[in-house]
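The values are calculated or read from the model by the stated rules, or taken from the named source; none is laboratory data. From a predicted model like this one, the values you see are computed outputs, not experimental measurements. Methodologically, a virtual Cβ is constructed for each residue, glycine included, from the backbone with ideal geometry; neighbour enumeration extends over all protein chains shown.
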Amino acid sequence: MPTDVSTTHMVKLTNRESVAEGTMAFHFEKPKQFGFSPGQYVDVTLLNPPETDSEGNIRSFSIASAPFEDHITLVTRMRDTAFKRVLKSAPLGMPAKLEGPMGSFTLHKNASKAAVFLAGGIGITPFFSILRHAAHEKLPHRLYLFSSNRRPEDAAFLSELRQLEEVNPHFRFVPTMTEMAKSHQDWKGQTGFIDQQMVTRFLPELHGPIYYIAGPPAMVAAMRQMLVGSGVDEDDVRTEEFAGY
(Lines give C-alpha, C1' and ligand atoms only; values in the text may rest on other atoms or scores of the structure.)
Protein backbone atom coordinates (compact mmCIF):
# COMPACT_ATOMS: atom_id res chain seq x y z
CA MET A 1 0.00 0.00 0.00
CA PRO A 2 1.22 3.55 -0.68
CA THR A 3 2.50 5.32 2.35
CA ASP A 4 2.67 8.99 3.27
CA VAL A 5 5.51 8.27 5.67
CA SER A 6 8.88 9.15 4.21
CA THR A 7 11.43 6.41 4.82
CA THR A 8 15.08 5.90 3.89
CA HIS A 9 16.23 2.98 1.76
CA MET A 10 19.57 1.86 0.39
CA VAL A 11 19.22 0.98 -3.29
CA LYS A 12 21.47 0.06 -6.21
CA LEU A 13 21.55 1.44 -9.74
CA THR A 14 20.49 -1.42 -12.02
CA ASN A 15 20.31 0.16 -15.48
CA ARG A 16 20.23 3.44 -17.40
CA GLU A 17 19.11 4.45 -20.89
CA SER A 18 18.57 7.47 -23.09
CA VAL A 19 14.85 8.29 -23.48
CA ALA A 20 15.24 11.49 -25.54
CA GLU A 21 18.04 13.78 -26.67
CA GLY A 22 19.72 15.03 -23.51
CA THR A 23 17.38 13.02 -21.25
CA MET A 24 18.18 9.80 -19.42
CA ALA A 25 16.26 7.29 -17.34
CA PHE A 26 17.96 5.66 -14.35
CA HIS A 27 16.56 2.43 -12.95
CA PHE A 28 17.06 1.48 -9.31
CA GLU A 29 16.08 -1.66 -7.48
CA LYS A 30 12.79 -1.33 -5.63
CA PRO A 31 12.90 -2.17 -1.90
CA LYS A 32 10.31 -4.73 -0.81
CA GLN A 33 8.71 -2.32 1.66
CA PHE A 34 8.58 0.59 -0.78
CA GLY A 35 5.04 1.71 -1.68
CA PHE A 36 4.13 4.95 -3.38
CA SER A 37 1.29 6.74 -5.12
CA PRO A 38 1.86 7.69 -8.78
CA GLY A 39 2.93 11.34 -8.94
CA GLN A 40 5.07 11.26 -5.80
CA TYR A 41 8.82 11.96 -5.68
CA VAL A 42 11.95 10.81 -3.87
CA ASP A 43 15.23 12.37 -2.77
CA VAL A 44 18.32 10.57 -4.03
CA THR A 45 21.69 10.94 -2.27
CA LEU A 46 24.91 9.79 -3.92
CA LEU A 47 27.18 8.09 -1.38
CA ASN A 48 30.87 8.97 -1.48
CA PRO A 49 30.73 10.02 -5.17
CA PRO A 50 34.06 10.32 -7.03
CA GLU A 51 33.34 14.02 -7.56
CA THR A 52 31.00 16.68 -6.20
CA ASP A 53 30.31 20.38 -6.74
CA SER A 54 28.49 23.31 -5.13
CA GLU A 55 25.09 21.85 -6.06
CA GLY A 56 25.67 18.93 -3.71
CA ASN A 57 24.96 15.20 -3.73
CA ILE A 58 21.15 15.22 -3.26
CA ARG A 59 18.45 15.65 -5.91
CA SER A 60 14.66 15.31 -5.92
CA PHE A 61 13.09 13.25 -8.71
CA SER A 62 9.50 12.40 -9.55
CA ILE A 63 9.07 8.66 -9.90
CA ALA A 64 8.46 7.85 -13.57
CA SER A 65 7.75 4.14 -13.06
CA ALA A 66 4.39 2.82 -11.89
CA PRO A 67 3.72 1.03 -8.59
CA PHE A 68 3.15 -2.35 -10.30
CA GLU A 69 6.72 -2.40 -11.63
CA ASP A 70 9.57 -4.11 -9.78
CA HIS A 71 11.99 -1.20 -10.13
CA ILE A 72 12.07 2.58 -9.53
CA THR A 73 12.71 4.73 -12.59
CA LEU A 74 13.92 8.31 -12.31
CA VAL A 75 14.23 10.49 -15.41
CA THR A 76 16.22 13.70 -15.79
CA ARG A 77 17.55 16.18 -18.30
CA MET A 78 21.31 15.80 -18.36
CA ARG A 79 23.19 18.96 -17.37
CA ASP A 80 26.94 19.19 -16.82
CA THR A 81 26.91 18.84 -13.02
CA ALA A 82 28.95 16.51 -10.86
CA PHE A 83 25.80 14.70 -9.69
CA LYS A 84 24.68 13.90 -13.22
CA ARG A 85 28.16 13.06 -14.46
CA VAL A 86 28.42 10.49 -11.66
CA LEU A 87 24.97 9.05 -12.40
CA LYS A 88 25.83 8.73 -16.09
CA SER A 89 29.24 7.11 -15.66
CA ALA A 90 29.05 5.13 -12.40
CA PRO A 91 29.18 1.34 -12.69
CA LEU A 92 25.87 -0.49 -12.40
CA GLY A 93 25.38 -1.65 -8.85
CA MET A 94 26.38 1.76 -7.47
CA PRO A 95 24.65 2.23 -4.09
CA ALA A 96 22.54 5.30 -3.36
CA LYS A 97 20.29 6.47 -0.56
CA LEU A 98 16.65 6.96 -1.46
CA GLU A 99 14.29 8.89 0.79
CA GLY A 100 10.57 8.93 0.21
CA PRO A 101 8.02 8.77 -1.17
CA MET A 102 6.94 12.37 -0.70
CA GLY A 103 4.43 14.78 -2.19
CA SER A 104 0.71 14.98 -2.89
CA PHE A 105 0.80 15.57 -6.67
CA THR A 106 -1.40 12.51 -7.17
CA LEU A 107 -4.58 11.72 -9.06
CA HIS A 108 -7.80 12.77 -7.32
CA LYS A 109 -10.13 9.99 -6.23
CA ASN A 110 -13.44 11.33 -7.61
CA ALA A 111 -13.62 9.66 -11.03
CA SER A 112 -16.58 11.81 -12.10
CA LYS A 113 -14.12 14.70 -12.49
CA ALA A 114 -11.76 14.55 -15.46
CA ALA A 115 -8.02 15.07 -14.96
CA VAL A 116 -6.19 17.42 -17.31
CA PHE A 117 -2.39 17.14 -17.24
CA LEU A 118 -0.33 20.04 -18.65
CA ALA A 119 3.33 19.04 -19.01
CA GLY A 120 6.35 21.02 -20.11
CA GLY A 121 9.46 19.04 -21.04
CA ILE A 122 10.68 16.81 -18.23
CA GLY A 123 7.48 17.64 -16.31
CA ILE A 124 6.09 14.57 -18.06
CA THR A 125 7.59 12.22 -15.45
CA PRO A 126 4.89 12.26 -12.72
CA PHE A 127 2.17 12.02 -15.37
CA PHE A 128 3.86 9.03 -17.02
CA SER A 129 3.61 7.17 -13.71
CA ILE A 130 -0.02 8.23 -13.17
CA LEU A 131 -1.08 7.30 -16.72
CA ARG A 132 0.61 3.89 -16.72
CA HIS A 133 -0.98 3.11 -13.35
CA ALA A 134 -4.41 4.24 -14.62
CA ALA A 135 -4.16 1.96 -17.65
CA HIS A 136 -2.90 -0.98 -15.58
CA GLU A 137 -5.65 -0.61 -12.98
CA LYS A 138 -8.33 0.27 -15.59
CA LEU A 139 -9.28 3.40 -13.66
CA PRO A 140 -12.51 5.05 -14.87
CA HIS A 141 -11.13 8.63 -14.79
CA ARG A 142 -11.24 10.64 -18.04
CA LEU A 143 -7.64 11.73 -18.60
CA TYR A 144 -6.21 14.37 -20.93
CA LEU A 145 -2.48 15.02 -21.38
CA PHE A 146 -1.21 18.15 -23.14
CA SER A 147 2.56 17.79 -23.42
CA SER A 148 4.86 20.50 -24.79
CA ASN A 149 8.42 19.97 -26.06
CA ARG A 150 10.69 21.89 -28.40
CA ARG A 151 11.06 19.01 -30.88
CA PRO A 152 10.07 15.34 -31.12
CA GLU A 153 13.74 14.54 -30.49
CA ASP A 154 13.39 16.15 -27.02
CA ALA A 155 10.13 14.41 -26.07
CA ALA A 156 10.54 11.52 -23.62
CA PHE A 157 8.05 8.61 -23.80
CA LEU A 158 6.30 9.86 -26.96
CA SER A 159 5.69 6.38 -28.40
CA GLU A 160 4.81 4.89 -24.99
CA LEU A 161 2.19 7.61 -24.39
CA ARG A 162 0.66 6.96 -27.83
CA GLN A 163 0.43 3.28 -26.93
CA LEU A 164 -1.28 4.17 -23.65
CA GLU A 165 -3.85 6.18 -25.60
CA GLU A 166 -4.56 3.08 -27.70
CA VAL A 167 -5.09 0.78 -24.71
CA ASN A 168 -6.97 3.21 -22.44
CA PRO A 169 -10.26 4.42 -23.97
CA HIS A 170 -10.51 7.12 -21.27
CA PHE A 171 -7.18 8.77 -22.19
CA ARG A 172 -6.51 11.49 -24.79
CA PHE A 173 -2.90 12.46 -25.62
CA VAL A 174 -2.15 15.85 -27.20
CA PRO A 175 1.59 16.43 -27.75
CA THR A 176 2.74 19.75 -29.20
CA MET A 177 6.11 20.99 -30.48
CA THR A 178 7.31 24.59 -30.20
CA GLU A 179 10.51 24.63 -32.30
CA MET A 180 9.91 22.34 -35.28
CA ALA A 181 12.19 24.52 -37.44
CA LYS A 182 15.09 22.99 -35.47
CA SER A 183 13.89 19.39 -35.84
CA HIS A 184 15.06 16.74 -38.30
CA GLN A 185 11.90 14.68 -37.84
CA ASP A 186 8.54 14.83 -39.54
CA TRP A 187 5.67 16.00 -37.32
CA LYS A 188 1.97 16.00 -38.15
CA GLY A 189 0.71 16.85 -34.65
CA GLN A 190 0.04 20.09 -32.81
CA THR A 191 2.60 22.92 -32.87
CA GLY A 192 3.04 25.97 -30.66
CA PHE A 193 2.72 26.49 -26.95
CA ILE A 194 -0.18 25.09 -24.95
CA ASP A 195 -2.82 27.82 -24.73
CA GLN A 196 -6.53 28.22 -24.03
CA GLN A 197 -7.45 27.72 -27.67
CA MET A 198 -5.58 24.41 -27.86
CA VAL A 199 -7.05 23.09 -24.62
CA THR A 200 -10.63 24.03 -25.52
CA ARG A 201 -10.23 22.34 -28.90
CA PHE A 202 -9.97 18.98 -27.14
CA LEU A 203 -11.82 19.58 -23.86
CA PRO A 204 -15.61 19.77 -23.94
CA GLU A 205 -15.61 22.19 -20.98
CA LEU A 206 -12.83 24.04 -19.14
CA HIS A 207 -14.80 24.12 -15.89
CA GLY A 208 -15.13 20.87 -13.98
CA PRO A 209 -11.81 18.98 -14.44
CA ILE A 210 -8.95 18.98 -11.96
CA TYR A 211 -5.83 20.45 -13.61
CA TYR A 212 -2.27 19.30 -12.91
CA ILE A 213 0.66 21.38 -14.22
CA ALA A 214 4.29 20.21 -14.17
CA GLY A 215 7.30 21.75 -15.87
CA PRO A 216 9.71 24.68 -15.67
CA PRO A 217 8.58 27.49 -13.31
CA ALA A 218 7.77 29.95 -16.13
CA MET A 219 5.62 27.37 -17.90
CA VAL A 220 3.81 26.43 -14.69
CA ALA A 221 3.07 30.12 -13.96
CA ALA A 222 1.82 30.72 -17.52
CA MET A 223 -0.50 27.69 -17.45
CA ARG A 224 -1.90 28.64 -14.05
CA GLN A 225 -2.52 32.20 -15.27
CA MET A 226 -4.21 30.88 -18.42
CA LEU A 227 -6.55 28.62 -16.45
CA VAL A 228 -7.45 31.08 -13.70
CA GLY A 229 -7.90 33.81 -16.33
CA SER A 230 -10.38 31.49 -18.06
CA GLY A 231 -12.41 31.24 -14.86
CA VAL A 232 -11.12 27.90 -13.58
CA ASP A 233 -11.32 27.71 -9.78
CA GLU A 234 -7.81 27.93 -8.25
CA ASP A 235 -8.74 25.02 -5.95
CA ASP A 236 -8.95 22.85 -9.10
CA VAL A 237 -5.36 23.65 -10.16
CA ARG A 238 -2.40 21.69 -8.77
CA THR A 239 1.21 22.39 -9.69
CA GLU A 240 4.69 20.92 -9.47
CA GLU A 241 7.72 22.98 -10.55
CA PHE A 242 10.80 21.40 -12.10
CA ALA A 243 13.48 24.03 -11.53
CA GLY A 244 17.05 23.50 -12.69
CA TYR A 245 16.44 19.80 -13.46
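Please specify each residue of the range 229-238 satisfying the condition of being surrounded by 14 or more Cβ atoms within 10 Å (Cβ to Cβ) and either in contact (Cβ under 8 Å) with a residue 60 or more places away in the chain or more than 17 Å from the chain's Cα centre (by Cα) (or both). Selection gives Val232, Asp236, Arg238.
The condition (being over 29 Å from Ser54 (Cβ atoms) and free of Cβ contacts under 8 Å to residues at least 60 places away in the same chain) is satisfied by just one residue among Phe83, Phe146, Phe117, Phe128: Phe146.
Screening the candidates Leu74, Leu107 for the property of being aliphatic (A, V, I, L, M) and part of a loop (DSSP other than H, G, I, E, B) yields one hit, Leu107. In this structure, Ala82 does not satisfy being crowded, with 22+ Cβ neighbours inside 10 Å and either out of contact with any strand residue (DSSP E or B) (no Cβ under 6 Å at 6 or more places or on another chain) or of a type in the set (Gly, Ala, Ser) (or both). Taken as a whole, the structure leaves Gly35 outside the set of residues that are under 19 Å from the mean Cα position of the chain (by Cα), at pLDDT 95 or above and part of a loop (DSSP other than H, G, I, E, B).
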